[in-house]
Amino acid sequence: MLTDPSRQLRLLIDSVRDHALYLLDPDGIVCSWNPGAERIKGYRSEEVIGTHFGRFYLPADRDAGEPQHLLRLAAESGHHAAEGWRVRRDGSPFRASVVIESVVENSELVGFVKITRDITEQWQAQRLLRDAQRALRQTQQFETVGQLSRGLAHEFNNLLTTIVNALDLLSARMGDDERANALLTTAQAASDRGALLTRQLLAFSTGQTLIRETLDINARIRDWLPALQATCPAGVTLETALAADLPAILSDTVQLQTALANLVGNAADATVGGGRVLIATALEHRMDPDADTSRQRTYVTLSVCDEGHGMAPDIAERATEPFFTTKDIGKGSGLGLSQVFGFTTQSGGFVDVSTTPGVGTTVSLLLPATEEPNP
């Protein structure tokens with residue numbers, strides 16, 4: 001018969017296995033330990049009774065006095081609920097939902113009841129749901145802007161064709177008027193810039209038609225290096241680290257060159273006061289993060305690394321948004337990285353961005369490799 005209150009309480013506590021339920025004295029020393037605590041935290045009762053409950057906290061939280069702080073809050077209000085990371089006996093962290101109740105007898109604090117629940121799976125599920133919702137919103141925004149960009153780019157391209165043809169006819173009839181020739185040269189340069197912006201818009205919206213050909217990426221980089229160096233400010237030096245025996249890729253030469261120029265331009269701008277910008281290639285076996293399968297593919301990686309100021313997390317998150325730029329007005333269209341992402345995605349690859357404020361940024365294009373390596 002379950003008539004003894006003490007036995008009832010003991011059976012109740014011992015039957016709770018999905019919560020760690022135990023008593024602390026006023027100083028935070030563990031006085032009892034139930035099976036749920038052993039299951040969640042991994043300690044047997046003889047290992048923890050008589051020790052401070054701060055051992056279950058991350059070292060940084062323990063050093064900051066978090067356990068004592070929570071006890072003070074519970075003592076002041078009688079109840080405190082919190083959520084945070086805790087550590088199991090094997091050193092592995094878990095997400096915990098914690099409730100601390102003060103125990104008062106004759107107006108005197110005699111200890112605390114502490115209840116801990118492992119919510120790691122729920123926490124991870126919430127994060128995945130939040131990330132999926134954010135990705136869905138971004139995809140919807142990109143689709144809308146992409147449709148608009150594609151329409152604008154085609155209309156703008158038609159206007160540019162008329163302008164370029166007119167400028168070509170004028171150049172054929174132009175005499176020795178230096179002033180007129182200078183204006184014509186400026187107009188032609190502006191039309192070339194407009195054509196580049198059109199290509200960037202189409203690349204972002206994946207509305208362009210890629211002219212694919214088999215490319216030796218290392219050979220192309222060597223060919224383009226002098227022109228890329230010429231676009232860099234004084235004091236910025238381009239270096240290369242090109243992996244040997246890379247397989248060929250199937251890509252659009254013009255769009256690949258434009259993507260590399262965009263990355264080098266961004267890296268050079270970030271290298272304040274001069275420094276090194278590294279162009280590197282490598283062979284990697286990776287899973288496409290956007291693919292539905294876990295099968296790995298072989299990619300030729302083209303990376304541009306700078307030692308500049310890097311990007312804060314909130315800036316890095318928006319870096320590929322169309323028209324988003326941290327540059328001054330007139331110094332950037334905000335389409336550079338959008339072109340890179342659009343071209344790479346349309347080529348069947350993906351882009352990795354690694355950045356640390358004050359350290360630098362590396363942007364890597366992972367482009368599908370053909371089967372056979374170059375000799």
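Could you list all residues from segment 32-44 that are closer than 22 Å to I119 by Cα and open to solvent by less than 50 Å² (accessible area, probe 1.4 Å)?
W33, N34, P35, G36, A37, I40, K41, G42, Y43
Which numbered condition in (1) surrounded by fewer than 18 Cβ atoms within 10 Å (Cβ to Cβ); (2) touching a His at 6+ places or on another chain (Cβ under 9 Å) is the only one that V103 fails?
The failed condition is (2).
Can you tell me which condition R72 does not meet? The list is (1) among the charged types (D, E, K, R); (2) surrounded by 13 or more Cβ atoms within 10 Å (Cβ to Cβ); (3) more than 19 Å from D118 (Cβ to Cβ), and all the others hold.
(2)
Quick check on segment 348-369: of everything there that is open to solvent by 60 Å² or more (accessible area, probe 1.4 Å) and in a strand (DSSP E or B), which residue is farthest from L246 (Cα to Cα)?
This residue is T356.
With the requirement that a residue be among the aliphatic types (A, V, I, L, M), modelled with pLDDT of 85 or more and crowded, with 16+ Cβ neighbours inside 10 Å, what does segment 202-224 give you?
Selection gives L215, I217, I221.
List every residue pair whose Cβ atoms lie under 9 Å apart, where the two residues are 6 or more positions apart in sequence or sit on different chains, the first residue falls within segment 103-130 and is assigned to a loop (DSSP other than H, G, I, E, B), and the second residue, located anywhere, is open to solvent by 60 Å² or more (accessible area, probe 1.4 Å).
I119/E83
What number of residues within segment 109-133 are farther than 23 Å from W33 by Cα and open to solvent by 60 Å² or more (accessible area, probe 1.4 Å)?
So the answer is 10.
Condition first: within 25 Å of Q346 (Cα to Cα) and either without any contact (Cβ under 8 Å) to a residue 60 or more places away in the chain or open to solvent by 20 Å² or more (accessible area, probe 1.4 Å) (or both). Now tell me which residues in segment 259-277 satisfy that.
Hits for segment 259-277 are L260, A261, N262, V264, G265, N266.
Taking segment 290-307 as the search range and keeping residues that are assigned to a loop (DSSP other than H, G, I, E, B) and open to solvent by 90 Å² or more (accessible area, probe 1.4 Å), which one is modelled with the highest pLDDT?
Among those that are assigned to a loop (DSSP other than H, G, I, E, B) and open to solvent by 90 Å² or more (accessible area, probe 1.4 Å), it is E307.
Somewhere in segment 48-66, is a residue in contact (Cβ under 8 Å) with a residue 40 or more places away in the chain and open to solvent by 40 Å² or more (accessible area, probe 1.4 Å)?
No, every residue in segment 48-66 fails to be in contact (Cβ under 8 Å) with a residue 40 or more places away in the chain and open to solvent by 40 Å² or more (accessible area, probe 1.4 Å).
The values are calculated or read from the model by the stated rules, or taken from the named source; none is laboratory data. Just so you know, these numbers come straight off a predicted model, no measurement behind them. No Cβ is skipped: glycine too gets one built from the backbone with ideal geometry, and neighbour counts run over all protein chains shown. SASA here: full protein model, heavy atoms, side chains in, ligands and nucleic acids out. Shrake-Rupley method; radii C 1.70, N 1.55, O 1.52, S 1.80 Å.
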